[in-house]
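Trainee: Have a look at this one before I ask anything.
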Amino acid sequence: MSTNALKTNQDLFTESEVDFGKTLGKLLYLDKKEVPDYQSIVINSETGEVIAGALVNDETGRLVDGTVPEGVQAEVRSRPIDGTCVAYDVVVEAEGFGNQLEVTVPTAVSLDGLAYNQEIRFTGLSARHWSRTTRQLTNGRVSFVHTQGFKLRAENVEAVKVKADKK
C-alpha cells in the first residue's frame, strides 16, 4: 500500500517538518501587495445588481431564508472592501523554486526597509496545502479539473546581512 506525503486536503507544514531554506533557496524581495478584507454580497443572477436586503450566514456562506425577494435568482459573491488591508503578500524570486512566489505576512511586519532584489529571510514560515476539484461542462461532456498548491505564510521578514569579503 502506497502512502501519500500529503495527509489531508488542508495540511499545515511548518519549519520543523520542512527545510524551507533548501526547498526555496535564496529569496530576493521584489514587491509587496496589500491583501484586502472581503465581504459577502448577494447579487441578482440575471441582472448582476446587488440585492440590498439579502443576508448571508457568515458560518455557512449561504443565503438566509426569506431575505431574497420571491422569484429572484440570487447568488453569493465575495468582493474586496475598499481601503482595508489585513495582510501583505510579499512577492519574492525563489532561486531554488525557479520562479516567483508570494508569502503572506501580517500587517504588523514592517517592509519599509526592503529594497528591490535584496536578499531576505522569512521567520515562522509555514505552508498549507490546498486542493480544489471543479466540474466543467464542455460540448455536452462533463470533466473534472483538479487544482492544488501551497499557500505560504510567515510571521516576519528580515533582510539578510551581506558579509564583507576579507582580503
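Trainee: With viscosity set to 1.567 mPa s and temperature to 4 °C, compute the Stokes-Einstein D of the stretch 77-135, Rh being the Kirkwood radius across alpha carbon pairs; µm²/s, no decimals.
Mentor: 90
Trainee: While we're here: With every protein chain kept in place and ligands, DNA and RNA left out, what is the accessible area per residue of the chain? Probe 1.4 Å, answer in Å².
Mentor: On a per-residue basis, 74 Å².
Trainee: Round to a whole number: what % of the accessible area of the stretch 1-153 belongs to carbon and sulfur, probe 1.4 Å?
Mentor: The C+S portion of the solvent-accessible surface of the stretch 1-153 is 46 percent.
Trainee: Going toward the positive end of the dipole of the stretch 60-160, with +1 on Lys and Arg Cβ and -1 on Asp and Glu Cβ, which of VAL90, ALA115, LEU152 do you reach last?
Mentor: LEU152
Trainee: May I pose another question? Using a 10 angstrom cutoff on alpha carbons, build the Gaussian network for the chain and name the most mobile of ARG141, ARG77, ARG62.
Mentor: ARG141
Trainee: What lysines does LYS161 reach when the alpha-carbon gap must be under 29 Å and sequence neighbours fewer than 8 apart in one chain are set aside?
Mentor: Correct list for LYS161: LYS22, LYS26, LYS32, LYS33, LYS151.
Trainee: Let me know the whole percent of all Cα-Cα pairs from the stretch 1-146 that are separated by more than 21 Å.
Mentor: Details: 6957 of 10585 pairs.
For the stretch 1-146, the share of Cα pairs beyond 21 Å comes to 66 percent.
Trainee: Which residue, GLY25, GLY98, GLY61, has the most motion in a Gaussian network model of the chain that connects Cα atoms within less than 10 Å?
Mentor: GLY61
The values are calculated or read from the model by the stated rules, or taken from the named source; none is laboratory data. If you're wondering where the values come from, they're calculated on a predicted model, not measured in any experiment. Using ideal geometry, Cβ is built from the backbone for each residue, glycine included, and neighbour counts are taken over all protein chains shown. Each accessible area value is taken on the protein alone, full model and side chains, heavy atoms only, with ligands, DNA and RNA left out. Shrake-Rupley method; radii C 1.70, N 1.55, O 1.52, S 1.80 Å.
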